[in-house]
Amino acid sequence: MNTVITTPSARHNFFFFFLSPHSSSSSSPSTTLFFHSPHYSPSLSTSFSFFQNPNFLTGNSLFHSMQRFCSGSSMSRNKAMVESLQRYGVIRSNKVAEVMESIDRALFVPNGAGAYIDSPMSIGYNATISAPHMHAMCLQLLEKNLQPGMHALDVGSGSGYLTACFGMMVGPEGRAVGVEHIPELVSSSIENIQKSAAAQLLKDGSLSVHAADGRKGWPEFAPYDAIHVGAAAPEIPQALIDQLKPGGRMVIPVGNMFQDLKVVDKKSDGSISIHTETSVRYVPLTSREDQLRGF
Ligand code: SAH
């Protein structure tokens, strides 16, 4: 069966205007109106925060964000992207904003092209870097479990962006582990991280990326306070539940054609509670062979 997979992005239907970083030198830059879902359905258009933005109808916030995208360095455009996500109510945590500001998304997107557009981007090998709003959402869902000194596992770490953010959150006393099954992506993600604000963590060994089947987790540094899975599993792998610490939280997309972002909490007595956060569309958590064949 041929399934076209385009994201990870939430299927909520709110939209932002972002300018491409390549428009920075243009006097009349073009805006990108981006619908988050590849399956835009107008009937769902009130489902998220875009109507909660008091400036939306005035266009004022849009105008300011456009101006900001037109100038400045890569880091300042990255900051403007984060501010835009804050303005639209997607980022509500100061800590998450600070960390996303510190890690320049352009370093994790091939050639930096379109890095600040709120969209997933291809990174090759039928994989994508998730959209900024999905990174923000997952960081916020896991924030309490990404405190300094904690252990975090990023399964399907792809570009390495979220692993780098995890490293910044748990700090040098913590442990951030990426597991990715395409060795070429492991190598490029390490190169990306080496150019980023998380480079020292990688050098010192508190952040690491490994080539392996992430469905088995990474037992060496278990148990984890936080587990993020960046690809959709048909069902939650038992190995990942086993590697979650009591009090720990896992965020994982579950499903095939239709997927839900599940939040799995392991209570102190070891029992599990699961709730659905939102509908999403991710590439599958699968075998390397199936992924390279096109699923
Ligand atoms: N969160 C990452 C990547 C998301 S795409 C980012 O934003 O950059 C999902 C990633 O999961 C891809 O890189 C894909 O290669 C990887 N993947 C899929 N199945 C996997 C498996 N069984 N084990 C490890 N990685 C897997």
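Quick notes
- Annotation note: trypsin sites (Lys or Arg not before Pro) in the stretch 177-215 located in DSSP loop regions with a Cβ neighbour count of at most 15 within 10 Å are LYS195.
- Sum of side-chain charges, PRO183 neighbourhood, beta-carbon under 14 Å (Lys, Arg +1; Asp, Glu -1): -4
- Cβ-derived FRET efficiency at R0 51 Å, ASP290 paired with ASN94, nearest 0.05: 0.80
- Across LYS95/LYS195; LYS95/LYS216; LYS79/LYS245; LYS79/LYS216, pairs whose alpha-carbon gap is larger than 28 Å: LYS95/LYS216; LYS79/LYS245; LYS79/LYS216
- Stretchable slack from GLU173 to LYS195, in nm (0.36 nm times residue separation minus alpha-carbon distance): 5.8 nm
- Sparse-neighbour loop sites [trypsin sites (Lys or Arg not before Pro); the stretch 224-295; at most 11 other C-beta within 10 Å; DSSP]: LYS267
- GLY247 sits among other residues whose Cβ lies under 13 Å from its own Cβ, and their net charge, with Lys and Arg +1 and Asp and Glu -1, is +2.
- A simple spin-label model places pseudo-atoms 7 Å from Cα toward Cβ; at ASP265 and ASP204 they are separated by 3.1 nm.
- Among the GluC sites (Glu not before Pro) within the stretch 147-186, those in coil by DSSP and having at most 11 neighbouring Cβ atoms inside 10 Å are GLU173.
- Entries of LYS144/LYS262; LYS144/LYS266; LYS144/LYS267; LYS144/LYS203 with Cα pairs more than 19 Å apart: LYS144/LYS203
Coordinate-derived values only; no laboratory data. From a predicted model like this one, the values you see are computed outputs, not experimental measurements. Quick reminder, even Gly has a Cβ in these numbers, built from the backbone with ideal geometry, and neighbours come from all protein chains shown.
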